[in-house]
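Colleague: Supplied in structure tokens, the structure appears directly below.
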Amino acid sequence: MCLFCKIVDNQIPSNKVLEDDNFLAFHDISPKAPIHVLVVPKKHIEKFHDIDAKDMGLMSQFIQKVATKMGLEKNGYRLIVNNGPDGGQEVMHLHFHLLGGAKLNWPHFVNPEDRAKKFL
Ligand code: 5GP
Ligand code: ZN
């Protein structure tokens, strides 16, 4: 069983924000912003590329509820999904990072020499 399946199953404790039959939201153990919540499907889906339209629709509604519960609706927030090796995904169970509570920077994702200009 993967790490986030164990969190869903309460084998590993987490600081929960919200849950329903299909999804769980809990605070990231190593927050990168004043609010940093992870949202996962309860069933094991490895990565964003594997989720279907129905589940993604439900997940979107759930994420909106989490953001509202955290008081982020008015000032905004950022959603991040790391997908696969180049995306930097470390836990291979789909999760959305919900970040907020401060004005977020827009970081440099790669070294300057690796930035593509071909679409400009
Ligand atoms: P990824 O790099 O896969 O997109 O993000 C994995 C996230 O899971 C990281 O932000 C990391 O801090 C978080 N994380 C890893 N292990 C645990 C854990 O045991 N509990 C919680 N709450 N978060 C975790
Ligand atoms: Zn899993």
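Colleague: Around Gly100, under 15 Å between beta carbons, what's the net of Lys plus Arg minus Asp minus Glu among the other residues?
Modeller: +4
Colleague: When the dipole is taken about the Cα centre of the chain, and only Lys, Arg (+1) and Asp, Glu (-1) are charged at their Cβ, what size is it in debye, to the nearest 20?
Modeller: Roughly 440 debye for the chain.
Colleague: Rounded, prolate or oblate: which one fits region 47-117, using the alpha carbon gyration tensor with axes a ≥ b ≥ c (rounded when a/c is under 1.5, else prolate when a/b beats b/c, else oblate)?
Modeller: Cα axes put region 47-117 in the oblate bin.
Colleague: Return the FRET efficiency for the residue pair Met1, Lys69: r is the Cβ-Cβ distance, R0 is 22 Å, and the value is rounded to the nearest 0.05.
Modeller: So, using R0 = 22 Å, E works out to roughly 0.20.
Colleague: Using alpha-carbon pairs under 8 Å, 6+ residues apart, how would you state the relative contact order of the chain in percent?
Modeller: Dividing the mean separation by the residue count of the chain yields 28 percent.
Colleague: When the chain is treated as a GNM, springs tying every alpha-carbon pair under 10 Å, which of His108, His27, His95 comes out with the largest mean-square fluctuation?
Modeller: His108
Colleague: Do the sum for the chain: with -39,500 (n - 2.57) for every DSSP H run of n ≥ 4, divided by all residues, what is the mean residue ellipticity at 222 nm, to the nearest 500 deg cm²/dmol?
Modeller: Calculated at 222 nm, the ellipticity per residue is -6500 deg cm²/dmol.
Colleague: How big, on average over all directions, is the shadow cast by the Cα convex hull of the chain, in nm²?
Modeller: If I average the Cα hull's projected area over directions, I get 8.9 nm².
Colleague: What angle do you read, to the nearest 10 degrees and between 0 and 90, between the alpha-carbon axis of helix 53-69 and the longest principal axis of the chain?
Modeller: Result, in degrees: 90.
Colleague: Which entries of Lys47/Lys103; Lys54/Lys117; Lys32/Lys118; Lys42/Lys69; Lys16/Lys103 show an alpha-carbon separation above 26 angstrom in the structure shown?
Modeller: Exceeds cut-off: Lys47/Lys103; Lys54/Lys117; Lys32/Lys118.
Colleague: Which residues' amide hydrogens lie under 5 Å from the amide hydrogen of Leu24, considering only partners 5 or more residues apart or on another chain, with H built in the peptide plane?
Modeller: The answer is Val40, Lys42.
Colleague: Under the Karplus relation 6.51 cos²θ - 1.76 cosθ + 1.60, θ = phi - 60°, what is the ordered set of whole-Hz ³J(HN,Hα) values for region 43-49, x standing for Gly and Pro?
Modeller: 7, 6, 10, 5, 7, 3, 4
Colleague: With θ taken as phi - 60° and the coefficients 6.51, -1.76 and 1.60, list the Karplus ³J(HN,Hα) couplings across region 12-24 in order, rounded to whole Hz; mark glycine and proline as x.
Modeller: Those phi angles translate into 10, x, 8, 8, 7, 9, 6, 8, 9, 5, 10, 9, 9 Hz.
Colleague: When the chain is fully extended, how far beyond the present Cα-Cα distance does Val110 get from Ile80, taking 0.36 nm per residue of separation?
Modeller: Result: 9.2 nm gained on full extension.
Colleague: A follow-up question, please. Using label points projected 7 Å from each Cα along Cα→Cβ, tell me how many nm separate Glu19 and Val91, to one decimal.
Modeller: Placing both labels 7 Å along Cα→Cβ, they lie 1.3 nm apart.
Colleague: Right, something else. For region 29-40, what does the Karplus curve 6.51 cos²θ - 1.76 cosθ + 1.60, with θ = phi - 60°, yield as ³J(HN,Hα) per residue in whole Hz, taken in order and with x for Gly and Pro?
Modeller: So the Karplus estimates, Gly and Pro as x, are 5, 10, x, 9, 7, x, 10, 9, 10, 9, 10, 10 Hz.
Colleague: Using only the heavy atoms of the protein chains and a 1.4 Å probe, how would Phe109, Phe4 rank by accessible area, largest first?
Modeller: Largest accessible area first, the residues go Phe109, Phe4.
The values are calculated or read from the model by the stated rules, or taken from the named source; none is laboratory data. Everything numeric in this text was worked out from a predicted model, so none of it was measured. When we count neighbours, we look across all protein chains shown, and the Cβ atoms used for this are built from the backbone with ideal geometry, even at glycine. Please note that ligands, DNA and RNA were not included when accessible areas were found on the heavy atoms of the full protein model with its side chains. Shrake-Rupley method; radii C 1.70, N 1.55, O 1.52, S 1.80 Å.
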